[in-house]
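Inspection log for the structure reproduced underneath, given as structure tokens.
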Amino acid sequence: MNKENAIEVRNMYKHFTVEYDKANTLKERLIFWKRGNKEVKEVLKDISLDIKKGETVALIGTNGSGKSTLLKLMTKIIYPNKGTLETDGKLTSLLELGAGFHPDFTGRENIYFNASIFGLTHQEIDKRIDDIIEFSELGENIDNPIRTYSSGMYMRLAFSVAINVDAEILLIDEILAVGDQHFQDKCFAKLEELKNSDKTIVIVTHSLGVVKELCDRAIWIYKGEFRLDGDPTYVIDEYLKQVAKDHHDEQKKAIESGKEKVRGIVFIDSPKDFAEIQQYDGVLNFSGWQLANSEDALLKIVLDEEVVDSTEIRRTTRQDVYNAYLEQFAGFIEESKLGWSFDRLCQDFEKGTHHLKVSCIMPNGETLTEKEIAFQIV
């Protein structure tokens, strides 16, 4: 093992055997002797990577990609079926917060139980217990049975124990949303402090903002295979492109099979409904946005029963809409084409009530959704 590395993984494979309709008793085995279908699920395939000492690295990927399994292999909770995984240094994992807690004992007593799981002696815990209690912010509650704790208090205590263990390698799996916002900020600051020391940190998280802020590298695992490793911003961008493509393909299949319907959304930003607009020699701007989970969906705008020609409509960038609907409509929306706008001269309108209708339609004329407003020219 290279002395500069904290973790080395070489050509590692991991699979699990899943048994269906397993007979659990002798009677069931005799009666249902044909049961016991098995399926081998390959979770990780030919993974090789190095994590250097002092690095903060994120493992990213969709649910089921194998990143949490890889983290558990690093802790040696489970072992690979093929290949090798070596670590150099005392290791602490934050995978199951509160493992080892007993509800009938106090928070203080459980600190000793839980910290001993991480390998600390009684004397070492004595030196740290004040820091652990202070970090947890439990105050007098520390001497109450933890069955009386709220879920937030429970998680805060568990995190406080784990984060104050003096380990060289820290493995964290999706536990950064601990407690209220104040405590989350405190946990993040603690991780930044550890990052700036000589600790090696490996994080599994879906919080991509945390990855960009905290990590030196991001490693993308895709369907059990190593896909990309490098600067977090670039790796995350490539990851999100693949997520959008996969979502797009899944939605198309679901729509074609009848499991999902084509959906559209339209919105009118300007003018507002029931708005009163002074008639003057100027330009009246109409604007809004539209999206759908189909590339075939069209935008139709009708102003006072007259269809606005598509050549008059400008498609514009709407970062706010893109951010809000990226997850729901991934793969179907282009940030630069979400908005729409067109202009009319105010003098072309007679005084009185006017109507604007915006629709999202399919090529066959089917209306997915529409929005209509009325405004006054005075």
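Observations, loosely collected:
- Across region 264-282, not a single residue is classified as buried (at least 16 other Cβ atoms within 10 Å of the Cβ), without any contact (Cβ under 8 Å) to a residue 40 or more places away in the chain and in contact with a Phe, Trp or Tyr (Cβ under 9 Å, 6 or more places away or on another chain).
- In region 99-117, the residue that is modelled with the lowest pLDDT out of those that are under 32 Å from the mean Cα position of the chain (by Cα) and among the small types (Gly, Ala, Ser) is Ala99.
- Among the residues of region 275-324, those that are touching a helix residue (DSSP H, G or I) at 6+ places or on another chain (Cβ under 9 Å) and among the hydroxyl-bearing types (Ser, Thr, Tyr) comprise Tyr280, Ser294, Thr316, Thr317, Tyr322.
- Contact map, region 324-345: residues that are at positive phi paired with residues that are open to solvent by 60 Å² or more (accessible area, probe 1.4 Å) and of a type in the set (Lys, Arg), Cβ distance under 8 Å, separation 6+ or inter-chain. Pairs shown: Gly331/Lys245.
- Residues that are more than 19 Å from Gly352 (Cβ to Cβ), in a loop (DSSP other than H, G, I, E, B), touching a strand residue (DSSP E or B) at 6+ places or on another chain (Cβ under 8 Å) and not hydrophobic (A, V, I, L, M, F, W, C) within region 295-318 comprise Thr317, Arg318, listed in sequence order.
- Condition met for Ile129 (surrounded by fewer than 20 Cβ atoms within 10 Å (Cβ to Cβ), touching a helix residue (DSSP H, G or I) at 6+ places or on another chain (Cβ under 8 Å) and at pLDDT below 85): no
- Of the numbered criteria (1) within 15 Å of Lys223 (Cα to Cα); (2) at pLDDT 95 or above; (3) touching a helix residue (DSSP H, G or I) at 6+ places or on another chain (Cβ under 7 Å), the one Thr62 fails is (2).
- Scanning region 361-378 for residues that are closer than 26 Å to Arg318 by Cα and surrounded by 14 or more Cβ atoms within 10 Å (Cβ to Cβ) yields Ile361, Met362, Leu368, Thr369, Glu370, Lys371, Ile373, Phe375.
- Filter result for the condition that a residue is touching a residue at least 12 places away in the same chain (Cβ under 8 Å), part of a helix (DSSP H, G or I), buried (at least 19 other Cβ atoms within 10 Å of the Cβ) and among the aliphatic types (A, V, I, L, M), over Val321, Val358: Val321
- Test: residue in region 271-280 that is assigned to a strand (DSSP E or B) and either under 17 Å from Thr316 (Cα atoms) or under 30 Å from the mean Cα position of the chain (by Cα) (or both): no
- Residue in region 160-178 that is part of a helix (DSSP H, G or I), within 25 Å of Ser68 (Cβ to Cβ), in contact with a strand residue (DSSP E or B) (Cβ under 9 Å, 6 or more places away or on another chain) and not polar (S, T, N, Q) present: yes
- Annotation: Ile51 fulfils all but one of (1) within 25 Å of Leu157 (Cα to Cα); (2) open to solvent by less than 30 Å² (accessible area, probe 1.4 Å); (3) among the β-branched types (Val, Ile, Thr); the unmet one is (1).
- Strands (runs of 3 or more DSSP E) enclosed by region 183-249 - at least 1 residues per element that are surrounded by 16 or more Cβ atoms within 10 Å (Cβ to Cβ) and aromatic (Phe, Trp, Tyr): 217-222, 225-230
The values are calculated or read from the model by the stated rules, or taken from the named source; none is laboratory data. Computed from a predicted structure; not experimentally measured. Counting neighbours? That spans all protein chains shown, and the Cβs are built from the backbone with ideal geometry, glycine included. The accessibility values were calculated without ligands, DNA or RNA, using every heavy atom of the protein model including side chains. Shrake-Rupley method; radii C 1.70, N 1.55, O 1.52, S 1.80 Å.
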